[in-house]
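For reference, the structure discussed in these notes is given below.
Where a number appears in this text, it was derived from the coordinates with a stated rule and is not lab data. Given the structure is predicted, the values throughout are model-derived calculations rather than measurements. When we count neighbours, we look across all protein chains shown, and the Cβ atoms used for this are built from the backbone with ideal geometry, even at glycine.
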Amino acid sequence: MRSLLLKASRNGWLARQARRRRFVKRAVRRFMPGESLDDALGAVDALAAEGIPAVLTQLGENVDSAADVRQVVDHYRGAVDRIVEGELDVHLSIKPTHLGLDLGGDVCRKAVDTLRTHASEGGVPLWIDMEDSSYLEATLDLYHDQHEPGSAFGICLQAYLHRTPDDLERVLEAGGWVRLVKGAYREAPEVAIQSRREVDEAFLGLGRRLAEATPGGDFSIPLRHVLGSHDMTLLAQIPDGPEVQMLYGIRTGAWPEVQEAGTPFRVLISYGEHWYPWYMRRLAERPANVGFLVRSLLPGGG
Ligand SMILES: Cc1cc2nc3c(=O)[nH]c(=O)nc-3n(C[C@H](O)[C@H](O)[C@H](O)COP(=O)(O)OP(=O)(O)OC[C@H]3O[C@@H](n4cnc5c(N)ncnc54)[C@H](O)[C@@H]3O)c2cc1C
C-alpha cells in the first residue's frame, strides 16, 4: 500500500483529478489549514494561543520556469514580512525544487540566497527540506555553500539513507543545524534502508548524536537541532536537547505530553494549492489515513 501511494504521488493525471474533487479537498483539510498564507497565519495564531510556535512551508515542488521561481521567492519574502510585522515565533521551510533546482543550480542558488538574506535580516530562521535522493547532493551543496556558522539556517536529513551518518557529521562540523526525519520518499535498497525496524534504529542513533551535539542550557543559540517525528516511543529514548517538531493535524493527542515534559516543541504547517504529492506522502506514512479519505466521501464526512 505504501509503495502504491508513493507511486501515485508522482502521477500527474491523478493529481489533476484529486484537485478537482471536493471530497479529497475536505480530507486534505485534516492536515492543512488552507491554501493561502492567511489561512496558514490563522493556524499560527490558533497554535500560539496554546503556546505552540510554528514552521511554515508553502506546498509546491518541481516548478518548471524562472518566472514561477520568482513568484515563490516573492511569496516567501512576503511571508517573512508578515512574520516580522506580527512579531511571530515562526520559522520557514523551503523545498529546493520549488525554488528551481530542476532548472539548474544557479537559478535555485540565487533564489535561496535572496530568501536566506531576507529571512536573516528579519531574524526569521530558515530550513531546507530534503526531497528524494536524486536531489541530495545538490541540496547539500546548496546548504554548505550558503551556510555561515552561527546563522539560523538549517537542513533536513533523512535517517533512512545509508549515507546520512556521514552527511550529519559534515553539517555538525560546519556548525550547521539539522532537522532529522525518518524519510518520506520511495527509495531503492542501494540508497535507503527498507525495513521499518532498521529505519527506527538509524533514527535513534542519529537522534542521540544530535542530542549530544546540542549545547545544554544555552538559549542564546539561534536554532536547535530538530527531531521531526511523531514516534513517541523513539522520542522518549533520545535525551533532552533537540526541539521536537510534528506536522499540523498529526498525532495532536501527543502534543500536550511533549509540551508538558518541557521539550522545545514546534508544529510544521503546510499550506498552498499544490498539495497533491505531499498529501499522498502523508497517506503513505499511515495507510489508515485512506480510511479518512473514504469516510469524507460520505455525507457529513471529512
Ligand atoms: C517537522 C517535520 C518535517 C519533515 N520534513 C521532511 C523532509 O524535509 N523530507 C522528508 O523526506 N520527510 C520529512 N518529514 C516526514 C518524515 O520523513 C516521515 O515520513 C514522517 O514524519 C513519519 O514518520 P514518523 O517519524 O512520524 O514515524 P512513523 O513510524 O511513520 O509514525 C509514528 C506514529 O505517528 C503517527 N503518524 C505518522 N505519520 C502519520 C500520518 N501521516 N498520519 C497520521 N498519523 C501519522 C502514527 O500513529 C504512527 O504510528 C517531516 C516530518 C516532520 C514531522
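Residues checked against (1) touching a helix residue (DSSP H, G or I) at 6+ places or on another chain (Cβ under 6 Å); (2) more than 22 Å from Leu235 (Cβ to Cβ):
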{"residue": "Pro165", "(1), (2)": "no, no"}
{"residue": "Glu173", "(1), (2)": "no, yes"}
{"residue": "Val178", "(1), (2)": "yes, no"}
{"residue": "Ala184", "(1), (2)": "yes, no"}
{"residue": "Glu187", "(1), (2)": "yes, yes"}
{"residue": "Val191", "(1), (2)": "yes, yes"}
{"residue": "Ser195", "(1), (2)": "no, no"}
{"residue": "Ala202", "(1), (2)": "no, no"}
In the set Val107, Val84, the lone residue that is under 17 Å from Thr57 (Cα atoms) and more than 11 Å from the ligand (Cβ to nearest atom) is Val84
Selection from the stretch 60-87 of residues under 27 Å from Gly123 (Cβ atoms), part of a loop (DSSP other than H, G, I, E, B) and touching a His at 6+ places or on another chain (Cβ under 7 Å) yields Gly60
Point to revise | Verdict on Val112 being among the aliphatic types (A, V, I, L, M), closer than 21 Å to Ala40 by Cβ, within 16 Å of the ligand (Cβ to nearest atom) and in contact (Cβ under 8 Å) with a residue 24 or more places away in the chain | key: yes
Does Gly42 fit the bill of being within 25 Å of Arg281 (Cα to Cα), of a type outside the set (Phe, Trp, Tyr) and away from the ligand (no atom under 16 Å from the Cβ)? yes
So, first residue over 25 Å from Gly104 (Cα atoms) in the stretch 53-64, second residue acidic (Asp, Glu), Cβ within less than 7 Å, six or more apart or across chains; the pairs are Pro53/Asp89
Out of all the residues in the stretch 151-160, is one or more farther than 29 Å from Glu198 by Cα, aliphatic (A, V, I, L, M) and within 15 Å of the chain's Cα centre (by Cα)? no
Checking Arg21, Arg77, Arg2 in turn, the sole residue that is of a type in the set (Lys, Arg) and in contact (Cβ under 8 Å) with a residue 60 or more places away in the chain turns out to be Arg2
A careful count of residues in the stretch 250-296 that are touching a helix residue (DSSP H, G or I) at 6+ places or on another chain (Cβ under 9 Å), away from the ligand (no atom under 11 Å from the Cβ) and among the small types (Gly, Ala, Ser) gives 2
Flagged pairs (Cβ under 9 angstrom, 6 or more apart or on separate chains; first in the stretch 185-210, touching a residue at least 24 places away in the same chain (Cβ under 8 Å) and away from the ligand (no atom under 13 Å from the Cβ); second assigned to a helix (DSSP H, G or I) and of a type in the set (Asp, Glu)) are Arg209/Glu169
Across the stretch 154-170, the tally of residues that are touching a residue at least 40 places away in the same chain (Cβ under 8 Å) and surrounded by 18 or more Cβ atoms within 10 Å (Cβ to Cβ) stands at 7
message: Considering only the stretch 165-172, I want to know if a residue exists there that is among the basic types (Lys, Arg) and in a helix (DSSP H, G or I).
response: yes
Exactly one of Asp38, Asp81 is of a type in the set (Asp, Glu), surrounded by fewer than 20 Cβ atoms within 10 Å (Cβ to Cβ) and closer than 11 Å to Tyr271 by Cβ, and that one is Asp38
Among the residues of the stretch 31-51, the number that are assigned to a helix (DSSP H, G or I), closer than 18 Å to Ile250 by Cβ, aliphatic (A, V, I, L, M) and touching a residue at least 60 places away in the same chain (Cβ under 8 Å) is 4
Filter the stretch 236-249 for residues that are more than 7 Å from the ligand (Cβ to nearest atom), under 23 Å from Trp278 (Cβ atoms) and of a type outside the set (Gly, Ala, Ser); the one that is surrounded by the most Cβ atoms within 10 Å (Cβ to Cβ) is Val244
